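J.: Pasting a structure here, questions to come.
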Amino acid sequence: MARTMMLLLAALTIGIAGPSAARAQSATDLVGTWELVSAITEKDGKKSETFGANGGILIFDATGRFSIVFIAAGLPKFASNNRSQGTADENKAIVGGSIAQFGTYVVNEADKSFTFRVERSTFPNREGTELRLAFTVSADDLMFTDPHSSAGGAATVTWKRAK
């Protein structure tokens with residue numbers, strides 16, 4: 001009887017731990033709200049932190065929609081207190097230090113990638129495009145790579161699930 005219980009317990013443990021450790025990463029792994037940890041861009045052999053920790057939010061909903069916003073810390077305030085009357089320097093700093101976009105997404109579990117189908121973006125060149133990004137999810141951490149970041153170079157972006 002004790003041996004049967006031990007075998008049953010072992011089988012149950014393998015049944016619970018085995019599939020979750022080996023399962024493919026899926027759309028359900030992405031669903032939720034993510035806070036930016038880092039966005040490291042590599043361009044011309046140099047690496048730089050693009051937005052800083054807590055400088056972004058990413059939301060994947062269960063119906064296949066996404067929204068992503070990056071905003072660097074320390075952006076200048078508009079002297080006019082009116083964003084439509086920013087100076088050339090203010091506007092350049094804001095555009096260089098932020099990007100937002102939304103649309104739909106699909107996950108390819110076989111190659112561990114997702115594709116953003118961008119509907120609208122503060123970088124209009126991305127509107128109507130598809131961005132395929134390799135990703136990994138581990139517990140509450142998400143990382144993806146963008147080989148063609150909007151400011152040039154390749155970006156490695158790390159997120160932490162919001163609690």
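J.: Could you tell me which of A39, A139, V106 has its Cα farthest along the dipole of the range 26-161 towards the positive end, charges placed at Cβ (Lys, Arg +1; Asp, Glu -1), taken about the Cα centre?
T.: Comparing the listed Cα positions along the dipole, A39 ranks first.
J.: Can you classify the range 46-125 as rounded, prolate or oblate using the Cα gyration tensor, where a ≥ b ≥ c are the square roots of its eigenvalues, rounded means a/c under 1.5, and otherwise it's prolate if a/b beats b/c and oblate if not? Provide the component values of the computation, followed by the final result.
T.: Values: a/c = 2.71, a/b = 1.96, b/c = 1.38.
Prolate shape, in that a/c is at least 1.5 and a/b is the bigger ratio.
J.: Efficiency by 1/(1 + (r/R0)^6): what FRET value for I40 and S84, r their Cβ-Cβ distance, R0 = 41 Å, to the nearest 0.05?
T.: Values: r = 33 Å, r/R0 = 0.80.
The formula returns an efficiency of 0.80 here.
J.: So how do 70-78, 32-40 stack up, highest first, on mean other-Cβ count within 10 Å?
T.: 32-40, 70-78
J.: I would also like to ask the following. Just to confirm my numbers, what's the Cα centroid distance between the range 36-82 and the range 88-163 in Å?
T.: A separation of 9 Å, based on Cα centres.
The numbers here are math on the coordinates, done by the rules we state, and not lab data. Since this is a predicted model, take the numbers as computed values, not measurements. Using ideal geometry, Cβ is built from the backbone for each residue, glycine included, and neighbour counts are taken over all protein chains shown.
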